[in-house]
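Colleague: One structure, pasted below without further comment.
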Amino acid sequence: MATSGVEETAMRLLGAFYDLSGEKLTDPVPIGGPGMPGQGAAPRADLDLESTECDVAARYLVDQSYIAPADTASEYVITVAGLDRVREMRGIGDPAEPRERSAMSDKTQQRLLTLLSIAISMGLSQPLARFIGEKIPERRGIRDDLTEAVLKGLVRAVALVLASVIVRALAASRR
């Protein structure tokens with residue numbers, strides 16, 4: 001749903017870039033020009049290339065990162081955000097793909113996961129160290145070292161899984 005005339009015009013222009021790009025991010029699409037009457041995104045969006053309305057719409061799309069200037073003058077490439085926006089407007093896309101994002105960024109989730117897994121691992125390691133001290137003899141062999149390594153690895157894996165479950169639950173609750 002457009003909120004202004006500029007946005008409505010820009011979305012028409014974005015749709016034209018989408019159609020002309022063939023959904024290819026690297027293919028530059030001309031906005032139009034004197035050497036190509038009736039060709040390009042502007043004429044396809046029913047915009048006069050010489051109008052301020054067209055310039056403002058193109059600037060809006062660049063500012064919103066829906067399109068980016070190409071190497072050649074008066075050509076643009078559609079971005080991933082632009083492809084997603086057009087698909088959203090047109091109701092195209094994978095329905096199984098989740099559309100809403102968590103309020104917690106991926107970077108924040110990763111940091112929290114790391115911190116929690118370290119804390120949980122430290123908490124679980126103390127009882128493990130006591131157990132190893134009691135059950136593994138002072139004269140150790142390869143089997144004892146292998147047992148200790150497996151136990152410590154299991155503790156770290158359990159800590160990571162537990163931290164991941166906690167972080168995912170927190171992220172889901174913040175939607």
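Colleague: Starting from the Cα gyration tensor of region 6-75, take the square roots of the eigenvalues, sort them a ≥ b ≥ c, and report rounded, prolate or oblate (rounded when a/c is under 1.5, otherwise prolate if a/b is larger than b/c, else oblate).
Modeller: rounded
Colleague: If you don't mind, another one. If we count other beta carbons within 10 Å of each Cβ, what is the order of Ile31, Ile132, fewest first?
Modeller: Fewest-to-most ranking of Ile31, Ile132: Ile132, Ile31.
Colleague: Now, a different point. Which cross-chain or sequence-distant (5 or more) residues have an amide H under 5 Å from the amide H of Tyr76, H modelled 1.01 Å from N in plane?
Modeller: Close amide H contacts, sequence-distant or interchain: Val29, Ile31, Ala70.
Colleague: Nearest 20 debye, what's the magnitude of the dipole of the chain about its Cα centre given +1 on Lys and Arg Cβ and -1 on Asp and Glu Cβ?
Modeller: 1560
Colleague: Of Glu23, Glu50, Glu134, which is the most mobile in a GNM of the chain whose springs link Cα atoms less than 10 angstrom apart?
Modeller: Glu134
Colleague: With each label point set 7 Å from Cα along the Cα-Cβ vector, what nm distance links Asp48 and Gln64?
Modeller: Distance between the two pseudo-spin positions: 2.4 nm.
Colleague: Still on this structure, I have one more. If you line up the long axis of helix 142-173 against the longest principal axis of the chain, both from Cα atoms, how many degrees apart are they, to the nearest 10?
Modeller: That helix lies at roughly 40 degrees to the long axis.
Colleague: Hey, another quick one. Can you list, largest first and rounded to whole Å, the semi-axes you get for region 106-173 by taking the square root of 5 times each eigenvalue of its Cα gyration tensor?
Modeller: Rounded to whole Å, the semi-axes are 31, 10, 8.
Colleague: Most mobile of Arg90, Arg140, Arg44 per a Gaussian network model of the chain (Cα springs, under 10 Å)?
Modeller: Of the options given, Arg140 has the highest mean-square fluctuation.
Colleague: Can you compute 3J(HN,Hα) from phi for each residue in region 107-114, using the Karplus curve 6.51 cos²θ - 1.76 cosθ + 1.60 with θ = phi - 60°, rounded to whole Hz and x for Gly and Pro?
Modeller: 5, 5, 4, 5, 5, 5, 4, 4
Colleague: With the cut-off at 25 Å, report for the chain the share of all Cα pairs above it, as a whole percent.
Modeller: 57
Colleague: Shifting gears a bit: Could you work out how far helix 5-21 tilts from the main Cα principal axis of the chain, as a 0 to 90 degree angle to the nearest 10?
Modeller: 80
Each value in this text was obtained by applying a stated rule to the coordinates, not by laboratory testing. The structure displayed is predicted, hence computed values, not measured ones. A quick note on method: Cβ atoms are made from the backbone with ideal geometry, for glycine too, and the neighbour counts reach across all protein chains shown.
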